[in-house]
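A quick write-up on the structure given underneath.
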Amino acid sequence: MLETLKPERVFYYFEEISKIPRASWHTGEIASYLENFAAAHQLSCQRDEYDNIAIFKKASPGYEELPAVILQGHTDMVAEQEEGWHHDFQNDGICLRIKDDYVLADHTTLGADDGIAIAYALAILEDDSLPHPPLEVLLTSNEEVALTGAENLDPSMIRGKYLINLDSEEEGFLLCGCAGGINVETHIPVRYTDTTARCFNVTLSGLKGGHSGQEISKPRANANKLMGRFLFELKEKFPCLLVSLKGGQKHNVIAAGATAVIALDSDTKDDFTAAVKNFQDTLRREYAGEDDGVTVQCTDLGEQKVSALHPVSMEKVIFFLTHQPHGVIKMSGTVSNMPETSANAAVVSLDEEEFFALTSIRSSLESAKEYLGGQIGYLTEFLGGEYVKNAGYPAWEYEEHSPLRDLACRVYQEMFQKPLQVVTIHAGLECGLLKDKAPHLDCISLGPDILDIHSPRERLCISSTKRMWEFLLALLENMKTKF
């Protein structure tokens with residue numbers, strides 16, 4: 001279906017890999033496809049136990065003496081679908097369609113993040129007429145789940161000097177730095193008490209949420225923080241107990257919904273219902289213009305015999321929720337309008353033994369990242385809990401001297417008669433991990449326009465894909481004459 005689009009072979013390979021299930025943690029089949037591709041084209045290939053793939057191609061005539069260039073992306077995709085739709089991401093490929101200037105999926109994520117990197121790379125590898133230095137195509141696994149493939153990559157698989165990461169989603173922007181990150185898990189032991197009370201299910205929904213790196217500086221609400229505020233204000237008005245709590249889904253997503261079951265005296269029903277309505281009205285005023293669709297609803301579950309948190313445990317949970325950091329902690333002093341350090345109150349839950357919280361931290365400075373992680377750990381221990389801070393991933397710090405960046409800017413200016421915007425982002429890219437393993441790398445990141453990634457609205461711009469393909473080929477060709 002996509003073969004009629006230009007560049008034909010890029011869209012041919014994009015359609016081919018879209019037939020292969022490749023959700024995160026299920027990258028074996030796409031890794032085997034890439035191995036078979038390399039064998040069919042008589043290219044050297046290396047695959048490790050994590051399904052990371054490296055394919056090597058010799059330089060075209062006249063480019064043999066140049067340093068090798070790495071074209072890098074990842075093989076996995078975020079597997080999301082519209083509510084009520086039933087797609088088996090482990091067994092079925094993605095159904096593609098074209099609308100105007102975009103390629104879309106049918107009710108699911110498209111996987112252009114980062115399937116377009118694979119398609120670009122394969123189209124280059126198969127074409128012996130293209131001028132280029134020695135090439136290494138490095139495709140890592142499970143990038144969308146804490147950069148797992150790159151984290152476990154053996155540095156011996158990184159053989160080039162220059163790295164072009166193809167995991168950016170905005171044409172005209174050249175990424176040359178990104179934040180590092182860590183996740184902090186909070187585990188606070190809790191006790192329960194049996195009681196008979198009128199129970200209400202409280203649901204907080206209607207928030208925009210979004211990517212915790214790209215949208216963290218926007219004035220959006222976090223459902224977990226709002227639920228903590230609701231519980232804090234509620235206990236000041238009514239005798240109540242907390243029966244259950246759950247909010248958020250993933251470490252890199254701003255929580256868009258949360259639910260709690262609350263036990264109250266039966267004679268407070270009307271006052272409680274009014275308090276819920278007033279709380280919703282307050283939030284809609286406070287978040288007008290950005291998250292004014294926030295909805296707070298309560299459902300009367302009737303009188304029940306339940307196990308609710310002991311009042312001391314409930315106070316600990318509310319104390320943590322109200323003091324857990326969220327949002328931009330500090331803006332950058334060197335990059336305009338760029339967060340330097342942020343926290344995302346990502347996930348909270350209660351089970352029979354503990355209160356759990358996951359906080360995702362990003363910073364372009366390692367020292368600030370570690371300090372904020374320590375603050376959350378201190379808060380956890382203050383409340384009698386334990387915390388786990390994962391190894392995280394390093395920041396990719398902006399380099400003052402980058403011949404590859406300078407070349408990319410010159411080639412882009414000549415091709416399109418406008419400057420290439422050099423930026424850093426407050427999200428994680430594999431460049432930070434790869435450069436940490438191979439400090440000699442000179443890295444840039446680029447890509448075509450991909451809208452609404454990580455959602456069923458994801459779509460790839462066809463004309464942008466063509467322009468960035470032509471730019472990528474020109475960049476490789478000009479490495480012989482313009483460095």
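The values are calculated or read from the model by the stated rules, or taken from the named source; none is laboratory data. These numbers were taken from a predicted model, which means no experiment stands behind them. Cβ coordinates were reconstructed from backbone atoms using ideal geometry, including for glycine residues, and neighbour counts include every protein chain displayed. Accessible surface is based on the protein model in full, side chains and every heavy atom, while ligands, DNA and RNA are left aside. Shrake-Rupley method; radii C 1.70, N 1.55, O 1.52, S 1.80 Å.
Ordering 271, 167 by accessible surface, largest first, gives 271, 167; the 1.4 Å probe counts only protein heavy atoms, with every chain in place. The mean sequence distance of close C-alpha pairs (under 8 Å, at least 6 residues apart), as a share of the length of the chain, puts its relative contact order at 22 percent.
When all protein chains stay in place and ligands, DNA and RNA are ignored, the 1.4 Å accessible-area order of 457, 47, largest first, is 457, 47.
Cα centroids of the range 352-409 and the range 218-233: 22 Å apart. Our estimate of slack between residue 466 and residue 421, defined as 0.36 nm per intervening residue step minus the Cα-Cα distance, is 14.3 nm.
Pairs from the list 225/437; 161/330; 58/482; 6/57; 277/369; 235/305 with a Cα-Cα gap above 28 Å: 225/437; 161/330; 277/369. Mind checking the angle between helix 112-126 and the chain's longest principal axis? C-alpha axes, 0 to 90 degrees, to the nearest 10. Once rounded, the angle reads 10 degrees. Which shape class, rounded, prolate or oblate, goes with the range 221-294 when its Cα gyration tensor gives a ≥ b ≥ c as root eigenvalues, a/c under 1.5 marks rounded, and past that a/b bigger than b/c marks prolate? Because a/c hits 1.5 or more and a/b fails to exceed b/c, the range 221-294 counts as oblate. Residues 469, 396 ordered from highest to lowest accessible area at a 1.4 Å probe: 469, 396. When you work out D = kT/(6 pi eta Rh) for the range 33-80 at 4 °C and 1.567 mPa s, using the Kirkwood radius from C-alpha pairs as Rh and the Stokes-Einstein form, the result is 101 µm²/s. Relative contact order for the range 79-142: 24 percent, from Cα pairs under 8 Å spaced at least 6 residues apart, divided by residue count. Surface analysis of the chain yields an accessible area of 42 Å² per residue, using protein heavy atoms and a 1.4 Å probe. Shape summary of the range 284-407, radius of gyration then Dmax from alpha carbon positions: 19.9, 70 Å.
Using R0 = 51 Å, the C-beta based FRET efficiency linking residue 205 and residue 65 works out to 0.25.
For the range 124-169, with all protein chains in place and a probe radius of 1.4 Å, 43% of the accessible heavy-atom surface sits on carbon or sulfur. In the chain, the longest principal axis of the Cα atoms and the axis of helix 28-40 are about 0 degrees apart. Each Cα pair under 8 Å and six or more residues apart adds its sequence gap; the mean of these over the residue count of the range 113-237 is a relative contact order of 16 percent.
P(r) tail for the range 175-300: Cα pairs beyond 24 Å make up 36% of the total. Taking 0.36 nm per residue of separation and subtracting the Cα-Cα distance, full extension of the segment from residue 334 to residue 365 would add 10.0 nm.
Angle of helix 8-18 to the longest C-alpha principal axis of the chain, folded into 0 to 90 degrees and rounded to 10: 40°. Per residue, the convex hull spanned by the alpha carbons of the chain comes to 155 Å³. Just so you know, the Cα atoms of the range 58-178 work out to an Rg and Dmax of 16.8, 56 Å.
The range 1-79 and the range 329-347 have Cα centres separated by 34 Å.
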